[in-house]
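A short reminder: the numbers here are calculations on the coordinates, not readings from a lab. All of these numbers come straight from a predicted model, not from anything done at the bench. Please note: Cβ atoms are built from the backbone with ideal geometry, for glycine as well, and neighbour counts cover all protein chains shown.
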Amino acid sequence: MVPTVYGRKLNKVPYVELADGRVQGVVSSGSAGERVYVSSVSAAPHTLSCATNNNRPCGGLGGRACKHIGSLIAEASRHYGAERVAAYLRVDGGKSTEDALADLQGPVSRESTGVVFTRFLRYLSYLEYPGATAPVPELHWFPAGRFN
């Protein structure tokens with residue numbers, strides 16, 4: 001388990017992970033409280049994917065990252081550190097790490113959202129269990145301490 005860099009804002013991006021060669025996670029909709037988006041960016045060639053949890057495509061996704069992917073990358077950078085996220089995605093360039101991550105662009109792929117969303121829901125089910133002092137390795141993405 002890797003310690004978090006900073007606490008995260010769970011109301012906007014409740015789930016983010018570096019897995020399967022992608023930065024992927026769940027992002028809350030800015031316009032509808034009951035809607036969430038499952039977004040991901042793969043390592044080079046930086047394939048972008050964003051759709052609702054029931055596989056409706058994001059209207060803002062083009063050859064550049066939509067606002068959901070931007071939020072996902074920002075929270076991943078906040079949680080894991082921008083340098084680690086950039087290395088994982090194989091982002092390279094002459095600009096700063098933060099600028100390179102903010103300017104991600106690549107082909108659009110319609111990934112299935114089911115795997116990431118199901119994993120998120122499974123992890124949420126752990127909140128229904130009584131508290132324990134032993135660490136749960138599967139929950140390393142969930143920040144300890146205060147919720148923002």
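Estimated at 0.36 nm per residue, the fully extended path between Lys67 and Glu128 surpasses their Cα-Cα distance by 18.8 nm. For the peptides 66-75, 45-54, 115-124, 27-36, the ranking by packing is 66-75, 45-54, 115-124, 27-36, with the highest mean count of neighbouring Cβ atoms within 10 Å listed first. Based on Cα contacts under 8 Å between residues 6+ apart, the stretch 15-122 shows a relative contact order of 31 percent. Considering the stretch 69-118 at the alpha-carbon level, its Rg and Dmax are found to be 12.1, 38 Å.
Across the stretch 15-122, counting alpha-carbon atoms alone, Rg and Dmax equal 12.8, 40 Å. Label sites at Thr47 and Ala87, each approximated as a point 7 angstrom past Cα along Cα to Cβ, lie 2.5 nm apart.
Can you compute the modelled spin-label distance between Ser31 and Arg110, with each label point 7 Å from Cα toward Cβ, in nm? A separation of 2.0 nm, rounded to one decimal place.
On the beta carbon distance between Glu98 and Asp20, with R0 = 30 Å, the FRET formula returns roughly 0.80. With the convex hull constructed from alpha-carbon coordinates only, the stretch 18-58 shows a mean projected area of 3.0 nm² over all directions.
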